[in-house]
Amino acid sequence: MKKLLSLILALAMAASVAGCAAQPASGSVSAPASAPSSAVSAPAAEKPTTDPSGAEVNIPDEIGSVVVLAPSIAETLVALGCGDLIVGYDAQSVGLEGLPADVPTFDMMQPDMEQLAALKPDVLFVSNMTLYDQSNPYQQLMDLGVCVLCVPTADSIAAIQEDIAFIAAAMGKTAEGDALIVDMQAELDRISAIGATVTDKKSVYFEIGAAPSMYSFGTGVFLNEMIELIGAENVLADQEGWLAVEAETIVAADPDVILTNVNYIDDPVAEILGRSGWEGMSAVQNEQVFYIDNMASSLSNHNIVKALDQMAKAVYPELFSAE
């Protein structure tokens, strides 16, 4: 399951350029009488009229219940203080801190529409992963008055911050969203200021899929921005997007440091250190292979700064470990 989730996340991020399917304006419904006491509301003028996919939306003034089918959005909702409004979420989000444990869970790529309709949430958050190979599977929910909001997986740090701002505005939590972005930016600024002092940049290979089916990324991906922020260089920066990688390519690049966020094998660092044909590489010989938290580096939300801190300390411990 971990392997499947990791590869799904990688493929979903690769598909993000396609965005979400266009949706007509979503209906709005009043919050049910049994809505949680923490239901959030805001004047309609403060609510966005389009979602990040470009679809026109009509977000309810008051939101008393939410279903979320993307782990990155689920974490954002919790950080905004909306965790108690969540009445259902995707199975990949199970175990995330702050989510209710006693609510239905769904297959994010093929959710049970009848069960979703029975919940009739005020808002349903989805991503381009949820809409994989489908034009608009949620029309029947929209016909019931459910507001469907699509937030495609961000490919840049700026886009991540824009998505946080959108989710916050949609939920009537603009101040909380602003605070989240300010805190995130402060950490980005702190690390990038130190990274800017590096004159002899180390080369880095960041593996998101282990051998024999290796995956990584080039430019146009937020993880590549993170490598640059810490003052390092991606060995695959001459390519773009999410990439299937040949072992020979990495051996020839001979990176100074190898990072991995693979979490579906027991010890990804040991696997790389013992990988056949890689024993002559500088990073392997010098044991410069490090694990980066999978969720923090995979989910496009405010928590990427946790992964950024880990990356900085792994690549330049002499600069960042004392911070």
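The values are calculated or read from the model by the stated rules, or taken from the named source; none is laboratory data. If you're wondering where the values come from, they're calculated on a predicted model, not measured in any experiment. Virtual Cβ from ideal backbone geometry, glycine too; neighbours counted across all protein chains shown.
Any residue at all in segment 234-254 that's crowded, with 19+ Cβ neighbours inside 10 Å and closer than 16 Å to Lys313 by Cβ? For segment 234-254, residues crowded, with 19+ Cβ neighbours inside 10 Å and closer than 16 Å to Lys313 by Cβ: absent. Only one of the numbered conditions (1) crowded, with 17+ Cβ neighbours inside 10 Å; (2) modelled with pLDDT of 95 or more; (3) of a type outside the set (Phe, Trp, Tyr); (4) touching a helix residue (DSSP H, G or I) at 6+ places or on another chain (Cβ under 8 Å) is violated by Cys147, and that is (4).
Going by the structure shown, is Ala193 within 20 Å of the chain's Cα centre (by Cα) and among the aliphatic types (A, V, I, L, M)? No. For segment 137-145, the count of residues that are closer than 30 Å to Gly220 by Cα and either without any contact (Cβ under 8 Å) to a residue 40 or more places away in the chain or assigned to a strand (DSSP E or B) (or both) is at least one.
Looking across segment 263-296, the residues that are of a type in the set (A, V, I, L, M) and more than 21 Å from Ile73 (Cα to Cα) come down to Ile265, Val269, Ala270, Ile272, Leu273, Met281, Ala283, Val284, Val289.
The selection criterion, being farther than 25 Å from Leu80 by Cβ, crowded, with 16+ Cβ neighbours inside 10 Å and not β-branched (Val, Ile, Thr), does not hold for Met226. Take the conditions farther than 21 Å from Asn301 by Cβ and either in contact with a Leu (Cβ under 7 Å, 6 or more places away or on another chain) or not hydrophobic (A, V, I, L, M, F, W, C) (or both) and apply them to Glu228. Does it pass? In short, no.
Tell me the residue from Thr153, Thr130 that is under 20 Å from the mean Cα position of the chain (by Cα), under 30 Å from Ala314 (Cα atoms), outside the structural domain of Tyr316 (by TED's automatic domain parsing) and buried (at least 19 other Cβ atoms within 10 Å of the Cβ), please.
Only one candidate passes the filter, namely Thr153.
Going residue by residue through segment 89-112, is there one that turns out to be closer than 24 Å to Ile181 by Cα, touching a Ser or Thr at 6+ places or on another chain (Cβ under 9 Å) and not in a strand (DSSP E or B)? Yes, there is a match, as at least one residue in segment 89-112 is closer than 24 Å to Ile181 by Cα, touching a Ser or Thr at 6+ places or on another chain (Cβ under 9 Å) and not in a strand (DSSP E or B). Of the numbered criteria (1) under 30 Å from Ile73 (Cα atoms); (2) in contact with a helix residue (DSSP H, G or I) (Cβ under 9 Å, 6 or more places away or on another chain); (3) free of Cβ contacts under 8 Å to residues at least 24 places away in the same chain, the one Leu299 fails is (3). Within segment 226-248, the set of residues being touching a strand residue (DSSP E or B) at 6+ places or on another chain (Cβ under 9 Å) and among the acidic types (Asp, Glu) comprises Glu228, Glu233, Asp238, Glu240, Glu246. Restricted to segment 161-205, and to residues there that are in a loop (DSSP other than H, G, I, E, B) and small (Gly, Ala, Ser), the residue that is farthest from Ala55 (Cα to Cα) is Ala196.
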